[in-house]
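In what follows, a single structure is set out as structure tokens and then discussed.
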Amino acid sequence: MQKRFFSYVLPAMLAFAFTGLYTIVDGFFVGQNIGDVGLAGINIAFPIVALIQAVGCGIGMGGAIQISVNKGRGSKDLEDKTFGNTLTLLLLAAVIMSLFVYVLNYHILVLLGAEGKVLITASKYLSVIALGSIFQLFACGFTPLLRNYDQSILAMAAMICGFVTNIILDWLFVSVLKWGVGGAAWATIIGQIMTVIPCLGFLFKRCRSISIAGFKLSKNVVKNIIRIGLSPFGLTMSPYLVMILINKWAVLYGGETAVAAYAVISYVTSIIFLLLQGVSDGSQPLISLCLGSGNIEEALQIRKLAYVFSLIIALLTGAGILLLSHFIPVLFGASEAVAAMTENSLPIFVSGFLFVAFCRVTTSYFYATQKNTSAYIMVYGEPILLAILLTAVLPNLLKLQGVWLSAVTAQFILAIIGLILIMREKKLQL
């Protein structure tokens, strides 16, 4: 079982890590060539980019889970219908999101708290991203489908291909040609195109076995995809809802320096969260197959492996970040003031890694086994708890330090809620 577990989880972890590295690479080149304003601009804009990715991930994962469950049950017709409907939904969502972001990006950024030079920089970045958002959505939607068809290595290779392209083009567009944040955005888009291309061969081959009717949207199939997909959508989007909230209060209590410091912190912590997401989502196909075949005991064993592995990752990466906390801001070209604030604040965010590890696996288990209510509580609990803590409690008492502590406190409370839900499920099984 362990060999099979790691054959799914390790490629998923690498794929998620490369997804997160897209933004870190942008941040590195923008920070080195533009400075704090560039870092703050991309940080303010990135929740919109995350929304595009979350829609793709939600549809892709919602369809993939249904596909795995139907495979476990031996229901080939419903499996094919779900696959076709998932691709149709991804195409429709891509067109809608591209138009939405392109037309409304400036107004959305104002609502997110952007102003002055940061607003101008963020708008330039997001205007370019909107033009290629269809490829971002496809890249995020295709990879869960590949993993659930035993193509984890292909999904990982596709992400690596896109990531390498992104690095080369970031260097060319931002450092050499001096295109600024627009160049970073173009590098991201072309990188996502290079991620989608390797996926298309497998998907086209799979499509040939499905009739045209399989791509026609079915009310029941779409309903199931969306119902399940709301959890992975929220899990992808939740960290960026948290980012929106923290950015707004960071501006209030610490100004542009605090926003730039949080940009560096979020670059680093997001890659750890994505590694943990790779563990949980990598184990999802196995858990869903066990559910479809009625093998609940094996599903619980897989969940246990995921808990242990994710907690080990949280401990090791947290220790690594603390050891390197002095060098991390320098990597992003942060000013002395931003670097000092980042170094002092990183330990607070690292202290929440264990809670995040537990919550990620718990949430993924719930949506993999179609326990949607519990999954919704876990997914949407963090931004709700954070909003309460930020508006009513900690910043009023501790100013900017309270803003940082609110994030970790919300993660701790959510971990307690997750433990209660798991214990409740265990009692129901008994």
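The values are calculated or read from the model by the stated rules, or taken from the named source; none is laboratory data. Bear in mind the structure is a predicted one, so any value in this text is a computation, not a measurement. All Cβ positions, glycine included, derive from the backbone under ideal geometry; neighbour counts span all protein chains shown.
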**Message:** I'd like to check something: does region 114-129 contain any residue that is under 19 Å from G191 (Cβ atoms), among the polar types (S, T, N, Q), surrounded by 20 or more Cβ atoms within 10 Å (Cβ to Cβ) and out of contact with any Phe, Trp or Tyr (no Cβ under 8 Å at 6 or more places or on another chain)?
**Reply:** no
**Request:** Residues being among the aromatic types (F, W, Y), at pLDDT 85 or above and closer than 15 Å to V55 by Cβ: count how many of those fall in region 222-277.
**Result:** 1
**Item:** Failed criterion for N372 (all others in (1) modelled with pLDDT under 85; (2) farther than 21 Å from F358 by Cα; (3) not acidic (D, E) hold)
**Value:** (2)
**Complete:** So, first residue over 24 Å from S98 (Cα atoms) in region 33-48, second residue surrounded by fewer than 24 Cβ atoms within 10 Å (Cβ to Cβ) and modelled with pLDDT under 80, Cβ within less than 8 Å, six or more apart or across chains; the pairs are N33/G333; G35/G333
**Fill in**
Selection from region 26-82 of residues β-branched (V, I, T), closer than 15 Å to Y267 by Cα and surrounded by fewer than 24 Cβ atoms within 10 Å (Cβ to Cβ) yields V49
**Item:** Members of region 309-330 found to be crowded, with 16+ Cβ neighbours inside 10 Å and assigned to a helix (DSSP H, G or I), listed by number
**Value:** F309, S310, L311, I313, A314, T317, G318, I321, I328, P329
**Asked** Just one of I271, I302, I265 is hydrophobic (A, V, I, L, M, F, W, C) and more than 24 Å from P239 (Cα to Cα); which is it?
**Response** I302
**Message:** Only one of G72, G56, G62, G41 is assigned to a helix (DSSP H, G or I), out of contact with any Asp or Glu (no Cβ under 6 Å at 6 or more places or on another chain), closer than 15 Å to K223 by Cα and among the small types (G, A, S). Can you tell me which?
**Reply:** G62
**Fill in**
Within region 341-369, residues among the small types (G, A, S), at pLDDT 85 or above and closer than 21 Å to A306 by Cα come out as S351, G352, A357, S364
**Complete:** Out of (1) out of contact with any Leu (no Cβ under 7 Å at 6 or more places or on another chain); (2) in a helix (DSSP H, G or I); (3) of a type outside the set (K, R); (4) farther than 17 Å from Y8 by Cα, the one G333 does not meet is (2)
